[in-house]
Every structure is written in structure tokens, then in C-alpha cells.
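Input: a single structure, listed below in C-alpha cells.
The values are calculated or read from the model by the stated rules, or taken from the named source; none is laboratory data. What you are looking at is a predicted structure, and each value in this text was computed from that prediction instead of being measured. Backbone-built Cβ (ideal geometry, glycine too); neighbour counts: all protein chains shown. Note: areas computed on protein heavy atoms with side chains; ligands, DNA, RNA excluded. Shrake-Rupley method; radii C 1.70, N 1.55, O 1.52, S 1.80 Å.
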Amino acid sequence: QKEVEQDPGPLSVPEGAIVSLNCTYSNSAFQYFMWYRQYSRKGPELLMYTYSSGNKEDGRFTAQVDKSSKYISLFIRDSQPSDSATYLCAMRETSGSRLTFGEGTQLTVNP
Amino acid sequence: EAQVTQNPRYLITVTGKKLTVTCSQNMNHEYMSWYRQDPGLGLRQIYYSMNVEVTDKGDVPEGYKVSRKEKRNFPLILESPSPNQTSLYFCASSPAVGLTDTQYFGPGTRLTVL
């Protein structure tokens, strides 16, 4: 069983839709949670970062962590065609440097 | 411009022919890492380096070697490539070991081993 599970999609939505991307994990030692965005033919880039449980908002993006359910989410409001990319969740234990990535969800926002 | 560069971007080779993929960063980062990305498996860490002359195995190190003789460079070496090493490879760096949540990725190297 994978430590981090992420629905690979693909997910296709119309412009302006609210998008919900999710990951579940099995390792209760994960404390740091990240979302990376990867455009086609590019390397991933950090989008959002949260520590432990709670919400974090940055413009149209909201990251949510529910440690009791071992579940993290990324919400995109008023989605735009420029949001079309693969979104990867990643997480890390308090001690250690290793990031464990989800498989990534491919998102397409249609004009 | 602050960046991580990789070369080559695309490579087709044959089984057993040694190859090196170079990685360089101009941000004076201490931590560097190599990943491979495969459909259905996501990003998996191959090797990482916490500083010059300090390297360690990641999740899938078999068949790979690395070296870190200078802070800016972290080459990935495949001594005897095999078809199961066909993949998309990314080099990444971050300012320090405690800041690996913020990793800066290179553009990727697509390797095909025939």
C-alpha cells in the first residue's frame, strides 16, 4: 500500500468552477504538507505549504489538513485555464528531509 | 536568474552504455536531490545530498550513483543503464536540510533506454 494516495484523474472542469483536489495518507508521523504544481514539460513548483492541521489561504487557493482523518485537500476557487496542470501533494515527517509525493492529479480547466 | 539546470533534456541510449545527467543550481543551496517520475508511481527520490561530499540513498537508489564534489553540481550517473530506468528525471535543490519542503526543481530529463 502506498503511503500517500492521490486520485490521478484526469479532472476536467469549466472555467470559474471550484476545484477540490485530495490526498490521503497512512503515516501518522507526517506533519508538514505541501502542494506542488507541475505544468506540462516542466518541473514541479511549490504552491502551498501547511504545518499540522488547519487551513491556509493564498488568493484563490486554500489548503486544508485534517490529521485526524489523514486527509489533505487543495481548493481552487474561480478556476482559470492557466490553472491547468498536474497537482502533486507531498508530505514530510518532523524529523528527516525526505518528501513523500502523491501520484499527482491532472487538472484541465476549459475556457 | 535563480534556477536549477539539467542536461541533457532528452536522451535515448542503449542498455549498458554509461551515461551522466548533469544538474547545477546557482542559488548556493545546501540540499540537492534526484527524483524519477513514472506514471502510476509519482515522484520517487533516488539520492540526496545534504552538503558537499555528503550523499545518501533515497527510496530507489539501485542502478544509480551520484557525487557532490562542489556545492552547485550534483550529477546522476547510470553505470549500466537498463530499460527499467526509462523515466523522467528531476533534479531539485533547497536552501537547507530543514527547508526541504521548498524544493526548486529543474526542467527534467526524459531518458529512454532501449
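So what's the Cα pair-distance distribution over the protein assembly as shown, bin width 5 Å, in %? Bins of 5 Å from zero give 1, 7, 15, 18, 18, 16, 12, 7, 3, 1, 0 percent of pairs. Net charge dipole, segment B:35-114: roughly 200 debye, given to the nearest 20, about the Cα centre with Cβ charges of +1 for Lys and Arg and -1 for Asp and Glu.
Shielding of peptide A:101-111 by partners, expressed as the average count of other chain Cβ atoms within 10 Å per residue Cβ, is 2.
Using the Cβ-Cβ distance between A:Glu15 and B:Glu53 with R0 set to 45 Å, the FRET efficiency works out to roughly 0.35. With q set to 0.15, 0.25 Å⁻¹, the log10 of I(q)/I(0) for segment B:31-96, from the Debye formula over equal scatterers at the Cα positions, is -0.44, -1.11.
Between A:Asn55, A:Ala29, A:Leu88, the Cα set farthest toward the positive side of the dipole of chain A (charges on each charged residue's Cβ, about the Cα centre) is that of A:Ala29. Our Cα-only numbers for chain B put the radius of gyration and Dmax at 13.1, 39 Å.
Each peptide in B:61-73, A:27-39 gets a packing score, the mean of other Cβ atoms within 10 Å over its residues, and the list from highest to lowest is A:27-39, B:61-73.
At a probe radius of 1.4 Å, figure out the B/A buried accessible area, summed over both chains, and give it in Å² to the nearest 100.
Working: alone 6060 and 6030 Å², together 10520 Å².
Heavy-atom accessible area buried at this interface is about 1600 Å².
Once Lys and Arg get +1 and Asp and Glu get -1 on their Cβ, which of B:His29, B:Ser87, B:Pro8 lies farthest toward the positive end of the dipole of chain B? Of B:His29, B:Ser87, B:Pro8, it is B:Pro8. For trypsin sites (Lys or Arg not before Pro), the sites in segment A:64-97 that DSSP calls loop and that have at most 15 other Cβ atoms within 10 Å are A:Lys67, A:Arg77. Entry comment: accessible area of chain B is 46 Å² per residue, from protein heavy atoms only and a probe of 1.4 Å. Note on A:Lys56: accessible area approximately 90 square angstrom, rounded to 10, probe 1.4 Å, nucleic acids and ligands left out.
May I ask you to list the residues of segment B:4-34 whose amide nitrogen lies under 13 Å from a point 7 Å from Cα along the Cα→beta-carbon direction of B:Leu88? Zone members listed by number: B:10.
The GluC sites (Glu not before Pro) found in segment A:1-51 that occupy coil by DSSP, while having at most 14 further C-beta atoms within 10 Å, are A:Glu3, A:Glu15. Among the residues of segment A:20-66, those with an accessible-area drop of 10 Å² or more from chain alone to full protein complex, heavy atoms and 1.4 Å probe, are A:Met34, A:Tyr36, A:Gln38, A:Arg41, A:Lys42, A:Gly43, A:Pro44, A:Leu46, A:Tyr49. If you plug the beta carbon distance of B:Arg44 and A:Asn110 into 1/(1 + (r/R0)^6) with R0 = 35 Å, you get a FRET efficiency near 0.65.
Here the calculated FRET efficiency for B:Lys69 and A:Asp7, from their Cβ-Cβ distance with R0 = 41 Å, stands at 0.45, rounded to the nearest 0.05. Measuring nothing but protein heavy atoms, the accessible surface of the protein assembly as shown at 1.4 Å probe radius is 49 percent carbon and sulfur.
Computed with the Debye formula from one identical point scatterer per Cα of segment B:60-99, without solvent, the log10 of I(q)/I(0) at q = 0.17, 0.27, 0.33 Å⁻¹ comes to -0.59, -1.09, -1.27.
When the listed pairs A:Lys42/B:Lys69; B:Lys17/B:Lys65; A:Lys42/A:Lys67; B:Lys17/B:Lys69; B:Lys18/B:Lys71 are checked against a 21 Å cut-off, the alpha-carbon distance exceeds it for A:Lys42/B:Lys69; A:Lys42/A:Lys67; B:Lys17/B:Lys69; B:Lys18/B:Lys71. Solvent-free Debye calculation, one equal scatterer per alpha-carbon of segment A:31-111: log10 I(q)/I(0) at 0.12, 0.15, 0.16, 0.22 Å⁻¹ equals -0.34, -0.53, -0.60, -1.08.
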